[in-house]
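First the structure, in the form of structure tokens, and then the observations on it.
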Amino acid sequence: MTDVRHRSRLLAPAVLTGGIVVVGAQAFVLAPLLSDIATGLATGTTEAGRALSAYGIGIVVSALLLGHRLDSVAPRTVLLAGMGTLAVAAAGSAVAPHWTVLALAQLVGGAGVGVLLPATYSLAAELAAPGAAARATGRVLTGWSIALVAGVPLATVLGDAVGWRAAFGALAGMCALQMALYALLPAVPSAGSGRAALGAAFRAPGVAPLLAGVLAFMTAFYGVFAFAGVEVRALHGGGATTAGLVALSYGLGFGLAACADRLLDRWGTARLVAPVLALLAVVYLALAVTIGVLPAFLAAASVWGLVNHIGLTVLVSRLAGAGAHLRSAVLALNTAATYGGAAVAGLLAGPLYAAAGFGWLAAAAAGLLASVVPVTVRSGLGR
């Protein structure tokens, strides 16, 4: 057992980060390709954008029904099953003849991610050295940055050159490769058959305020990110590659912030939740006022990524600080709140964007984050 755990510590960080790269590429690729998908499916961007909502709904349902039961299944099995489901969804998206079929495929993909993410974050926390939870979490979360800096721009270039269906086909291939990497992980046994009820996890000290922060954080992010590329293309011209610059700028900032993860453990994450969310509200206002000047907007998008990495690391590491008997349930609730936010954004952001424009959409995101700052001032998990 000691040898297995030692090998897990050596292999797991890179493999788990790779899984986040694939999930991130799947989650983000819809936004910069949204206009092309709508054209290819002979529909509007609002209808095509509902695939984002379907993806979020699939994750929420899966996380709530299955996420808190993961302790009774070996981690490698959970990761393989989740990634296999995502591979099927990506392949289905590539051949979708109508936006409803695309949404159904995204729903299936969401079901896979609903177990993948809690298992990934839980294993990362379990293998973290004492006092290094934020750094371990941040290291795995850099997978989101890699997806944005490399995966999404590559997908948009592929979308411009060959078509959006090819981008989803490439994602299916990435999923298959990641499954092979998961198979290299040692067969770490399950933690046991006992599991915490979701209600007990929700009532644990500090969990509800943190989940409110996660819900607001993700609703704001997905709502604005989904239409940032659309607005950049409308105002500044260019194809999907131009829209991909937004993802690239955001991803560079997100990755740069990883340098601060060691400091987060030193300062203690408890005191940082509310200030980071307040700062993020200011960043959304900056996005609203700079959208007309592309260089300024891309600079603001880099700051957006930087602050978002810090915020996400703080929120996830705090929630992962729950005791071992609560961790899987708490992280399942985190995943549900994360993609509950994506689902809400998918339903509301499109109509708001169509009625009022990108500036008001970003301002609404700022207001939402500001509203939860007082709620998250006191949250009692971990440090």
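The values are calculated or read from the model by the stated rules, or taken from the named source; none is laboratory data. From a predicted model like this one, the values you see are computed outputs, not experimental measurements. In this analysis, Cβ positions are derived from the backbone assuming ideal geometry, glycine residues included, and neighbour counts consider all displayed protein chains. To get the accessible areas, we keep the full protein, side chains included, count just its heavy atoms, and leave off ligands, DNA and RNA. Shrake-Rupley method; radii C 1.70, N 1.55, O 1.52, S 1.80 Å.
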Would you confirm, using the coordinates I've provided, whether Ala51 is in contact with a helix residue (DSSP H, G or I) (Cβ under 6 Å, 6 or more places away or on another chain), within 20 Å of Val22 (Cβ to Cβ), open to solvent by less than 10 Å² (accessible area, probe 1.4 Å) and part of a loop (DSSP other than H, G, I, E, B)? no
Scan the helices (runs of 4 or more DSSP H) fully inside segment 104-204 and keep the ones with 1 or more residues being modelled with pLDDT of 75 or more and open to solvent by less than 30 Å² (accessible area, probe 1.4 Å). 133-146, 164-183, 198-203
Which condition does Gly292 not pass, out of (1) crowded, with 24+ Cβ neighbours inside 10 Å; (2) not in a helix (DSSP H, G or I), if it passes all the others? (1)
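Condition check ((1) β-branched (Val, Ile, Thr); (2) open to solvent by 10 Å² or more (accessible area, probe 1.4 Å); (3) modelled with pLDDT of 80 or more) across all residues:
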{"site": "His6", "(1), (2), (3)": "no, yes, no"}
{"site": "Ile20", "(1), (2), (3)": "yes, no, yes"}
{"site": "Val23", "(1), (2), (3)": "yes, no, yes"}
{"site": "Leu30", "(1), (2), (3)": "no, no, no"}
{"site": "Leu34", "(1), (2), (3)": "no, no, no"}
{"site": "Thr43", "(1), (2), (3)": "yes, yes, yes"}
